[in-house]
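Visitor: Provided herewith is a single structure, encoded as structure tokens, for subsequent inquiry.
The values are calculated or read from the model by the stated rules, or taken from the named source; none is laboratory data. All values reported here derive from a predicted model rather than from experimental measurement. Don't worry about glycine lacking a Cβ; one is built from the backbone with ideal geometry, like all the others, and counts go over all protein chains shown. These accessible areas exclude ligands, DNA and RNA; they are computed on the full protein's heavy atoms, side chains included. Shrake-Rupley method; radii C 1.70, N 1.55, O 1.52, S 1.80 Å.
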Amino acid sequence: MAKVVVITSGKGGVGKTTTSAAFAAGLALRGHKTVVIDFDVGLRNLDLIMGCERRVVFDFINVINGDANLNQALIKDKRNDNLYIFPTSQTRDKDALKRDGVDRVLEELKQQFDYIICDSPAGIEHGAISALYFADAAIIVTNPEVSSVRDSDRIIGILASRSRRAERSEPPVELNLLVTRYDPARVSKGEMLTVEDVLEILSIPLLGVIPESESVLRASNTGTPVSFDEDSPAGRAYLDAVARFLGEQREMRFVQPERRGFFKVLFGRA
Amino acid sequence: MAGNLVQGALFTVMVVRAGMLRDPEFQDELAQQIERSPRFFQNAPVVLDLKGAEAFASADEFVRAKELLGQYALALVGVQNALPAQVEAAAEAGLASFAPNATNPSRRQAPAPEPQPTAAPPEQRAARTSARLITEPVRSGTQIYARGTDLIVTAPVSTGAELVADGNIHVYGPLRGRALAGASGDAGARIFCSRLEAELVSIAGRYLVSEQLPAEQRGFPVEIALVDEQLTITRN
């Protein structure tokens, strides 16, 4: 049975699109047929992060409006056969996300895919509600700082009250916390909240901790999901999170400050 | 004083019986009355008494009543003696629901907290209303109102969440949001929580904001009561 997973946060700039790309790629690497949908109508970015921006012909809104069919709009990733990208429109706005249209498209995708990853826009308005409404599971992306945590708390409340599962009194949307841009060194200096602080406030299961890493920016700029980069700590942390999402036990890495080697201490800042 | 956000106050409000609105002579009489003392009636708040007026059932009718009174520069702000369905329809038209005044004259004009139709399901008038019980975390942005009864929460209450009860509030977990007990004026109401980290606590309109809470009580299980008009926090 296909699973609809929303990547959401409330706050902007915390790493939803990066996470959507990395998570979808991670699931594809594990052999699951996965599609990632950009719900950020009018602020299209997912295609850039996935490196397929020059192959977009039709988009999500075209399919919702019946101007194109699904297979015309889906873009197959060149690096992994299990991975598909469903870009959105840059010229329309969120009002184009008609609920029955989204429902129809998701139902159609469920026939072909194991996982449908919905990259939510920021905010708690129509766009974000559209992205989370049909979700079976949610990944709440949070940075270790108070405003991000508070906005995540708000979006968890909305998932519990305004999703289709809530409206139909079905089992609730499965909640997972992903802490991103975590910098253990700054945490130990007290400049960032600890993972424990965030968990204490949000009290939902922790899926993973993604360390702040240059490789994320590099991956974005080159249009590669960071989980394809197995050499980078962030990429490995995403693969761990995907494994936990699939029910495996993995130890939490990258939450302690990196031990500085003798030479690094000697030769300064590193 | 910083942030007079939540404060109780008593107001004199004109009550118009809903039945009168349908009386053709009512408008003439109202016009005459207003002519006699125009300044008294200018933009005065009005509450519509729905006793015996079951016919008022849709939001449209409340909107029409609001417009009719508006023609005389009267502001319809709420309804009283409303049936549960009427409370909902009135809320839809943006009207508050006031507690009926016959039984307790001393509380009649206490402004009711903002009605939240989704949060307060219409209860039947049972002999005793049992407390409202919440077992899931109360997330930021959520408002829960226990109308005419106590509120018990057995999970954390986040910053930015709001608990309102006409009776006592019990939180078995950290209280990080706002808690307003005795919301319709009961000065005997109390707040209990197993960890005080609240943004604001209030009983019967008296309140303390976070920075006024004694530092030595923060993070501890406490009981908050109104003693001699003062909010008093004792550690449990």
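Visitor: So, residue B:208, is that one within 14 Å of chain A (Cβ to nearest Cβ), touching a residue at least 12 places away in the same chain (Cβ under 8 Å) and open to solvent by less than 50 Å² (accessible area, probe 1.4 Å) or not?
Guide: So residue B:208 does not fit the description; no.
Visitor: Another one. Residues that are open to solvent by 40 Å² or more (accessible area, probe 1.4 Å) and under 30 Å from residue B:90 (Cβ atoms): does region B:212-223 have at least one?
Guide: No, there is no match, as no residue in region B:212-223 is open to solvent by 40 Å² or more (accessible area, probe 1.4 Å) and under 30 Å from residue B:90 (Cβ atoms).
Visitor: What about residue B:145, is it aromatic (Phe, Trp, Tyr) and in contact (Cβ under 8 Å) with a residue 40 or more places away in the chain?
Guide: Judged against the criteria, residue B:145 is not a match.
Visitor: So which of A:164, A:186, A:181, A:168 is among the charged types (D, E, K, R), crowded, with 21+ Cβ neighbours inside 10 Å and away from every other protein chain (no Cβ under 14 Å)?
Guide: A:181
Visitor: Then there's this: Given the conditions (1) surrounded by fewer than 24 Cβ atoms within 10 Å (Cβ to Cβ); (2) away from every other protein chain (no Cβ under 14 Å); (3) assigned to a loop (DSSP other than H, G, I, E, B), report the number of the one that residue B:183 does not fulfil.
Guide: The single condition residue B:183 does not satisfy is (1).
Visitor: Continuing with this model, one more query. How about region A:190-243: which of its residues are under 25 Å from residue B:173 (Cα atoms) and either without any contact (Cβ under 8 Å) to a residue 24 or more places away in the chain or β-branched (Val, Ile, Thr) (or both)?
Guide: Passing the criteria: A:194, A:195, A:196, A:198, A:199, A:200, A:201, A:203, A:204.
Visitor: Is it true that some residue in region A:109-130 is polar (S, T, N, Q) and assigned to a loop (DSSP other than H, G, I, E, B)?
Guide: Yes, that holds for at least one residue.
Visitor: Is it the case, given these coordinates, that residue B:223 is more than 19 Å from residue B:99 (Cβ to Cβ), touching a Ser or Thr at 6+ places or on another chain (Cβ under 8 Å) and away from chain A (no Cβ under 14 Å)?
Guide: Against the criterion (more than 19 Å from residue B:99 (Cβ to Cβ), touching a Ser or Thr at 6+ places or on another chain (Cβ under 8 Å) and away from chain A (no Cβ under 14 Å)), residue B:223 qualifies.
Visitor: Criterion first (over 26 Å from residue B:134 (Cα atoms) and touching a residue at least 24 places away in the same chain (Cβ under 8 Å)) does residue A:122 satisfy it?
Guide: Taking the combined requirement at face value, the residue satisfies it.
Visitor: For the structure I just gave you, tell me whether residue A:83 is buried (at least 18 other Cβ atoms within 10 Å of the Cβ) and within 22 Å of residue A:178 (Cβ to Cβ).
Guide: Yes, satisfied.
Visitor: Out of curiosity, is residue B:233 outside any loop (DSSP other than H, G, I, E, B), away from every other protein chain (no Cβ under 14 Å) and of a type outside the set (Ser, Thr, Tyr)?
Guide: The answer is yes for residue B:233.
Visitor: Could you look through region A:142-161, keep only residues that are within 14 Å of another protein chain (Cβ to nearest Cβ) and among the polar types (S, T, N, Q), and pick out the one that is farthest from the chain's Cα centre (by Cα)?
Guide: So the residue we want is A:161.
Visitor: Check whether at least one residue in region A:90-103 is within 13 Å of chain B (Cβ to nearest Cβ) and part of a helix (DSSP H, G or I), and report yes or no.
Guide: No, region A:90-103 contains no residue that is within 13 Å of chain B (Cβ to nearest Cβ) and part of a helix (DSSP H, G or I).
Visitor: Does residue A:69 count as out of contact with any Gly (no Cβ under 9 Å at 6 or more places or on another chain) and either more than 26 Å from residue A:32 (Cα to Cα) or crowded, with 17+ Cβ neighbours inside 10 Å (or both)?
Guide: No.
Visitor: Right, here's the next one. Assuming residue A:38 fulfils every condition listed in (1) at pLDDT 95 or above; (2) surrounded by fewer than 24 Cβ atoms within 10 Å (Cβ to Cβ) apart from one, which condition is it?
Guide: Here residue A:38 clears every test but (2).
Visitor: Report the residue count in region B:71-87 for those that are open to solvent by less than 30 Å² (accessible area, probe 1.4 Å) and outside any helix (DSSP H, G or I).
Guide: 6
Visitor: Inspect all residues belonging to region B:153-175 and state whether any of them is open to solvent by 20 Å² or more (accessible area, probe 1.4 Å), out of contact with any strand residue (DSSP E or B) (no Cβ under 8 Å at 6 or more places or on another chain) and part of a strand (DSSP E or B).
Guide: no
Visitor: Scan region A:133-141 and give yes if some residue there is assigned to a strand (DSSP E or B) and either within 14 Å of chain B (Cβ to nearest Cβ) or farther than 29 Å from residue A:195 by Cα (or both), otherwise no.
Guide: yes
Visitor: If residue A:192 passes every condition in (1) open to solvent by less than 20 Å² (accessible area, probe 1.4 Å); (2) touching a helix residue (DSSP H, G or I) at 6+ places or on another chain (Cβ under 7 Å) but one, which one does it miss?
Guide: Unmet condition: (1).
Visitor: Count, please, the residues in region B:139-152 that happen to be of a type in the set (A, V, I, L, M), surrounded by fewer than 24 Cβ atoms within 10 Å (Cβ to Cβ) and more than 14 Å from chain A (Cβ to nearest Cβ).
Guide: Qualifying residue count, region B:139-152: 1.
Visitor: Pull out all pairs, ordered by first then second residue, where Cβ-Cβ is under 7 Å, the residues are six or more apart or on different chains, the first lies in region A:102-117 and is in contact (Cβ under 8 Å) with a residue 60 or more places away in the chain and of a type outside the set (A, V, I, L, M, F, W, C), and the second is part of a helix (DSSP H, G or I) and open to solvent by less than 40 Å² (accessible area, probe 1.4 Å).
Guide: Taking only residues 6 or more apart or on different chains, the pairs are A:115/A:27.
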